[in-house]
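Just below is one structure, and these are the notes that go with it.
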Amino acid sequence: MPASAAQTLLGLQALIGSESRIPLDPGWIAKQLFDGMPLSWATDRIERDVLVLEDAGHVVTWAQDGREWLALPRSGPAAARHAPSPRGASCEPPSTRPIFIGLGEREREKERESARERALARVQAENRESSDRWALGAAERRPRKPPKRPRILDAPPRGCADHPNGTVDEECGPCGTAADIRKTWLANEKYLDELVLFEESQATQWEDLGRDTF
């Protein structure tokens, strides 16, 4: 069940209380449950949530005596439909015309179908928005390009062919030569990296200067 419909169900349970039923007036119910919220938004939510709850069997609605009613199926729909009218003025809706009252059976069904279509379109739009957010988050978490290979992995060996990792246990002329070659290579690569950064900064400065000039 959507979280919105579950919240509305709790509100309806509290609103009905010990009463057997209440008039199905979305505008009046919206004022009772969402006081302070925009009425059009709250009314639209009540229409959508009541349809969801009725389809799931959590509430029952029916037409009787020229008006629509809503009840909780505590003893089944038949018992709810024959229950007495609610007591007290607090359960009577204002004089505004309920959305389904006065309509024929065919017109009521058309209105319900239209409300279902609006609810379905809204749910689908919200689901697409949620999916887009997840897809965007997943794309941001994925690396945009493979990591750069460290230069040191391509450096010459530390030692000679007999001591590829170098040696400290014995003197080896070829190892000393290999170590010098490695140090020279690393120094040259470091200088190259620094020179690239310098050239990039110079190019950026020229671009900024060109924009300021023109």
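Quick notes
- Taken over the stretch 22-32, the criterion of being crowded, with 22+ Cβ neighbours inside 10 Å and either within 30 Å of the chain's Cα centre (by Cα) or farther than 18 Å from Arg48 by Cα (or both) is satisfied by Pro26, Ile29, Ala30.
- Each residue in the stretch 159-177 was checked for being of a type in the set (Gly, Ala, Ser) and surrounded by 10 or more Cβ atoms within 10 Å (Cβ to Cβ), and 3 of them qualify.
- 3 or more residues modelled with pLDDT of 85 or more: qualifying helices (runs of 4 or more DSSP H) within the stretch 1-83: 3-16, 26-33, 39-55
The values are calculated or read from the model by the stated rules, or taken from the named source; none is laboratory data. Small disclaimer: the values here were computed from a predicted structure and weren't measured. Please note: Cβ atoms are built from the backbone with ideal geometry, for glycine as well, and neighbour counts cover all protein chains shown.
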